[in-house]
Every structure is written in structure tokens, then in C-alpha cells.
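Down below is the structure, laid out as C-alpha cells.
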Amino acid sequence: ELKRLATIDQQIHAMNDLVDALLTLSRIDSGVELSLSPVCLNTLLILPFEQHRERAQRKSLAFNLVLHPSLPTIEGNADYLTIAIGALLDNALRYTSEGAITVRTGLEGDQVTLEVQDTGMGIAPEAQGHIFERFFRLDDAHSERGFGLGLPIAQRIVEMHNGCIEVASARD
């Protein structure tokens, strides 16, 4: 009985995650104007990083946050950027079974950067062009939960902030 209740609870959480992702996509696709204000990416990272720490610990992963010491503020929408960061962390945790995940802020010229580096399974070169497509999943067996919406959401949010998102894999 308890096992069945736990399964139902997991399914409810999965449906809730799907509805949240679809609502976020709907808001983004509607062409909503973002209200922007000065945002410090270092500060913004702390909450989603801490929210994902327990999951990393359960998987015995090193979970590192490396913050650039003098990062300038950017014009951004903190709510949407937090969603994008959460999607990136969720994806790294989903596909990393051992080793480490490192989240790093930096500066390249006058551009603020965010890097999420992991020791996960990598992405085959032929799949890299598809990971930002809605509902695309690398995990054909669906052994990992997810809907293939996190990275497309993150990409769209980053683009709404006049940024770009890229992938690099050791499998290149």
C-alpha cells in the first residue's frame, strides 16, 4: 500500500513538473515583455544551487560553486533567470552519475558568463544539434524522468536576455 502511494506521489510530482514547464513555455512563447532590473548572477545562483545540493549529495557527486569575485550586474529578470539556472542544474544532475558538477560564473570581455560543467555521460555530436528542441530526449529508454523541456526553456530565457547558450561535450 505504501509503495503504491509513493508511486502515485511520484506521478503527481511528474505531472506538476510538466504543467509548470508547459506554462513557462506558454508565457515565453506569448512574447511577454520581461521586466528587467539589475541582477547579480552570483547572488541569483545561490538559491537554485542550494535547492539542488541535496540531490547531488544523494548521488555522491561533488557539487561546486565557483563565483567570479568582481562580477558586474546584468539587466535581467531574476524569476526567469532562476528558472533557466534550475533547468541547467537539473539537466546536469540527471545525466551525471559519478564525479562532479561545477557551476562557474565568469567574464569574457564585457560579457557575464555562466558555465555548468559536469562529468556526465556526454552528448554524441549528432545529438548536440537537437538538445534544445522541445521534447527531445537523449534517454530513449526513459530511465531518467523528464520531458525534454528544460533545455529549450533555458535557451529561450537566455535568448530573451540577449544571451546565448552553447553545449560542449567530451564526446565531440
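The values are calculated or read from the model by the stated rules, or taken from the named source; none is laboratory data. All values reported here derive from a predicted model rather than from experimental measurement. FYI the Cβ positions are ideal-geometry reconstructions off the backbone, even for glycines, and counts take in every protein chain you see. Quick note on the areas: whole protein, heavy atoms, side chains included, nothing else; ligands and nucleic acids left out. Shrake-Rupley method; radii C 1.70, N 1.55, O 1.52, S 1.80 Å.
Here is how the numbers come out for the structure above:
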| read-out | value |
| --- | --- |
| Boolean, Glu98 is closer than 24 Å to Glu166 by Cβ, without any contact (Cβ under 8 Å) to a residue 60 or more places away in the chain and charged (D, E, K, R) | no |
| Criterion (more than 30 Å from Ser35 (Cβ to Cβ) and modelled with pLDDT of 85 or more) met by exactly one of Thr119, Thr113 | Thr119 |
| Pick from the range 79-111, criterion in a helix (DSSP H, G or I) and of a type in the set (Ser, Thr, Tyr), ranking: surrounded by the fewest Cβ atoms within 10 Å (Cβ to Cβ) | Thr82 |
| Among (1) farther than 22 Å from Asn162 by Cα; (2) open to solvent by 40 Å² or more (accessible area, probe 1.4 Å), the one test that His52 misses | (2) |
| Evaluation of Lys3 against (1) under 16 Å from Gly86 (Cα atoms); (2) surrounded by fewer than 11 Cβ atoms within 10 Å (Cβ to Cβ) (one fails), failing number | (1) |
